[in-house]
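The values are calculated or read from the model by the stated rules, or taken from the named source; none is laboratory data. This structure is a prediction, so every number in the text was calculated from the model and none was measured. Every residue, glycine among them, receives a Cβ derived from its backbone with ideal geometry; neighbour counts consider all protein chains shown.
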Amino acid sequence: MKIFLNLVVATLKDMVRDKMTIFWFILFPVLFMFLFGMIFSGGSGNVNFDLGVVVEQPDFFSQAFLANLGQVEMLTVHHGTLEGELEALGQQKRNAVLVLPQVQFGSDEEIAVPVYYDASNQANKVLIFMLSEIFNHVERGMQNRARIFTVDAKPVQAESLRDVDYLLPGILSMALMQLGLFGSVRLVYLRQKRILKSLGATPLPRTHIVFSEIVIRLLMAAVQTTLIILIGHFVFDVKIVGSWWQVLGAVFFGAAVFVSIGYMLVTFAKTEESGHGIIQVVQFPMMFLSGIFFPLEFLPAFLKPVVRAIPLTYLGDILRSVLIGTPYAFGLTTDLLILGGWLTVSLILAIRFWRWE
Amino acid sequence: MASIVVRELTKRYGKLTAVNQISLEVEDGEIFGMLGPNGAGKTTTVEVLVGLRDADAGEVRVLGFDPTTESVQLKRSIGVQLQMPTLFPRLTVEESLRLNANFFPDPFPAEQVLEWVGLKEQRKVYTYKLSGGQLQRLVVGMAIISNGRILFLDEPTTGLDPQARRNLWDVFHMLQKMGKTIFLTTHYMEEAQYLCDRVAIIDHGSIIALGTPNQLICDHFEEKAVELSAMDGCDEAILEKLPGVTKVQAAHNQITLYSTNVEATIRELMQLEAENRLAVNDLAIRKASLEDVFLKLTGRSIRQ
Ligand SMILES: Nc1ncnc2c1ncn2[C@@H]1O[C@H](COP(=O)(O)OP(=O)(O)OP(=O)(O)O)[C@@H](O)[C@H]1O
Ligand SMILES: [Mg+2]
């Protein structure tokens, strides 16, 4: 065990001192997260809110209020019935829907103004705040009473998630796949550079070498996951619904699957370069056909069988569900079975065809 | 007792027979050298002995272990330096030594080995930044640190400067005094002559001579060597007819005559010069060396 740990530490040192390793396996997914997060979290710069307004009883007050709303540049006001506007909210055509109640003046009671808004978009909270301010303004103009209205915010979870939510599990899936697949090329490199042979002349069992490589992959997977989730959570406000052990379980399982597939693929490679080539050919289409970056419905029907065969599809499904709580597209059992199948088969093939020299 | 016993060992790569029925025994505490031209089968032999390759035929025992079936036990008690240095590129010298030490039950302290191979100043340098000779010293050190009972060293001093080479010879002698057995290959005849208790000369996979360096010289040369350079070239046929001369080797203007009667040979040479049939330069007489034996047995020019 001590021998093994020392080997892990030595291998880790050798790897992390190579700046390329750090770039590809740590920095690259992080950059990806930032870049796409920025693109898809949407709307920085020219902010515009679509506000649905439902007027129960047109009167002096509602006119004054609407006139005030009209002066706010960032707002596009839509009028309609409650049902119509709420439906538009569900389709993400509105950021919020405000219901102006009939106002009975003279009563001391505060008047609740229901505002329905899409809670999955953090920017809408700004809108709620803005609306409260507008009410305050209107009130002050009308009478000297401090409080008439309270904005009664009613969060409504929109049906489809924001792109950035969808993106986070996608990036994590991609990172795990690349870690597993490209990481396996290192064994070819070690063989090509005869480092495996040199180690083979010592009492160190060969399996130790492979296991230390795998342990390091899992460590790196944990680091990647942590970074991506932290960035997603703190920078882009993605809500993680799963517990830590669920997330780590899914991540380790996914990493293990792709490490095995990687080892299976590189059994056919004689050199480091050809290893990279093979992996590249496999990972690139997989990334786009697995639906990790956009919902599967967007893919043409004739590609569906391919999609259903790709392991990344199922890892994406698990991670989406565990991380952001989308319902399983295929069911957890199916996901686990298919990934487990890939794991087993590729492990058997890798062990069968791998040549130590 | 014999540390290494090899009987009729044969190793083939496809059709090529790299090692052909060689037999040898290496005694406990002996420094044994294997000499041979490029491609002779030295590395192949070493790799079979340390359990990296399986023999096709024959019997091998190293410290009583069969390298094929008992390689794990065997590897725990030997140190191995392979011909081409290969290390984790981004570990330092010291880390590499310690990593290797960690694989063995009773290694030498890294500090000690750094001193022996003269890499104390480079201890913090990544291995990929080492010079060729420093790298070579490091891999020899990594074999030594095992504190194994036998050291297998495949061309341990190739690429070293003369000081570093002599320095390693001292280390090997010291290790021998500690009771280690050393099996090494080399292309340096003076190294074999100085360092090895016995040498085997191998060519085309077969052992063509085996014995102590002096024994080999005596067996193959009663003659002494007369070296000269002939300024305008010369006719080998004339030289061969000189009294006492048994063999002539000529490369460009450098000529070596092997003679059983040096005085007669030289007298006749002078005569030739007086008659202006030969312009002799740099005349020297010396005892035959291991190199002479090697060249006689394996042919004059180096094969690629
Ligand atoms: N892995 C291999 N596959 C096929 N042939 C090989 C292999 N390794 C060595 N050979 C061949 O076997 C023969 C013996 O090679 P070996 O490496 O044992 O020679 P050597 O005596 O160590 O030579 P050198 O002095 O150049 O190191 C050579 O003809 C070589 O081409
Ligand atoms: Mg060799």
(message) Pull out all pairs, ordered by first then second residue, where Cβ-Cβ is under 8 Å, the residues are six or more apart or on different chains, the first lies in segment B:43-61 and is more than 8 Å from B:Lys11 (Cβ to Cβ), and the second is assigned to a helix (DSSP H, G or I) and within 16 Å of ligand 2 (Cβ to nearest atom).
(response) B:Leu52/A:Lys197; B:Asp54/B:Val48; B:Val60/B:Val48; B:Val60/B:Leu49
(message) Considering only segment B:49-59, I want to know if a residue exists there that is away from ligand 1 (no atom under 15 Å from the Cβ) and within 13 Å of another protein chain (Cβ to nearest Cβ).
(response) yes
(request) Take B:Thr86 and decide whether it is within 14 Å of chain A (Cβ to nearest Cβ), among the hydroxyl-bearing types (Ser, Thr, Tyr) and within 16 Å of ligand 2 (Cβ to nearest atom). (result) yes
(request) Out of A:Ile261, A:Ile214, A:Ile228, A:Ile240, report the one residue that is in the same structural domain as A:Ser290 (by TED's automatic domain parsing) and over 30 Å from A:Asp163 (Cβ atoms). (result) A:Ile214
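Yes/no matrix, rows are residues, columns are (1) surrounded by fewer than 20 Cβ atoms within 10 Å (Cβ to Cβ); (2) in contact with a helix residue (DSSP H, G or I) (Cβ under 7 Å, 6 or more places away or on another chain); (3) without any contact (Cβ under 8 Å) to a residue 24 or more places away in the chain; (4) not assigned by TED's automatic domain parsing to the domain that holds B:Gly118:
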site: B:Lys180; (1), (2), (3), (4): no, no, no, no
site: B:Cys196; (1), (2), (3), (4): no, yes, no, no
site: B:Ile208; (1), (2), (3), (4): yes, yes, no, no
site: B:Ile217; (1), (2), (3), (4): yes, yes, no, yes
(request) Look at segment B:176-191 and say how many of its residues are within 15 Å of ligand 2 (Cβ to nearest atom) and either within 14 Å of chain A (Cβ to nearest Cβ) or among the aliphatic types (A, V, I, L, M) (or both). (result) 2
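Yes or no, residue by residue, for (1) surrounded by fewer than 18 Cβ atoms within 10 Å (Cβ to Cβ); (2) closer than 26 Å to B:Gly33 by Cβ:
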position	(1), (2)
B:Ile78	no, yes
B:Phe88	no, no
B:Leu91	no, no
B:Glu95	no, no
B:Ala101	no, no
B:Glu121	yes, no
B:Val125	yes, no
B:Leu138	no, yes
B:Ala143	no, yes
(message) Here are the criteria: (1) within 16 Å of ligand 2 (Cβ to nearest atom); (2) modelled with pLDDT of 95 or more; (3) at positive phi. Tell me which single one B:Glu8 does not satisfy.
(response) (1)
(message) Looking at the structure I just gave you, is B:Gln81 in the same structural domain as B:Glu155 (by TED's automatic domain parsing) and within 13 Å of ligand 2 (Cβ to nearest atom)?
(response) yes
(request) State all residues of segment A:196-209 that are in a helix (DSSP H, G or I) and surrounded by fewer than 19 Cβ atoms within 10 Å (Cβ to Cβ); if no residue qualifies, say none. (result) A:Lys197, A:Arg206, A:Thr207, A:His208
(request) Could you list all residues from segment A:70-90 that are buried (at least 17 other Cβ atoms within 10 Å of the Cβ) and aliphatic (A, V, I, L, M)? (result) A:Leu75, A:Leu86, A:Leu89
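Condition check ((1) within 16 Å of ligand 2 (Cβ to nearest atom); (2) surrounded by fewer than 19 Cβ atoms within 10 Å (Cβ to Cβ); (3) under 27 Å from A:Lys193 (Cα atoms); (4) of a type outside the set (Gly, Ala, Ser)) across all residues:
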{"site": "B:Ala110", "(1), (2), (3), (4)": "no, no, yes, no"}
{"site": "B:Ile150", "(1), (2), (3), (4)": "no, no, yes, yes"}
{"site": "B:Phe172", "(1), (2), (3), (4)": "no, no, no, yes"}
{"site": "B:Ala200", "(1), (2), (3), (4)": "yes, no, no, no"}
(request) Answer with yes or no whether B:Leu87 is modelled with pLDDT under 95 and under 21 Å from B:Gln136 (Cβ atoms). (result) yes
(message) Can you pull out every residue in segment B:93-132 that is touching a strand residue (DSSP E or B) at 6+ places or on another chain (Cβ under 7 Å) and either of a type outside the set (Val, Ile, Thr) or at the interface with chain A (Cβ under 9 Å from one of its Cβ atoms) (or both)?
(response) B:Arg123, B:Lys124, B:Tyr126
(message) When you check B:Leu63 against the structure, is it surrounded by fewer than 22 Cβ atoms within 10 Å (Cβ to Cβ), over 21 Å from A:Arg206 (Cα atoms), more than 21 Å from the chain's Cα centre (by Cα) and within 16 Å of ligand 2 (Cβ to nearest atom), yes or no?
(response) no
(message) Considering only residues that are part of a strand (DSSP E or B) and within 13 Å of ligand 2 (Cβ to nearest atom), which ones fall in segment B:12-60?
(response) B:Ala18, B:Val19, B:Met34, B:Leu35
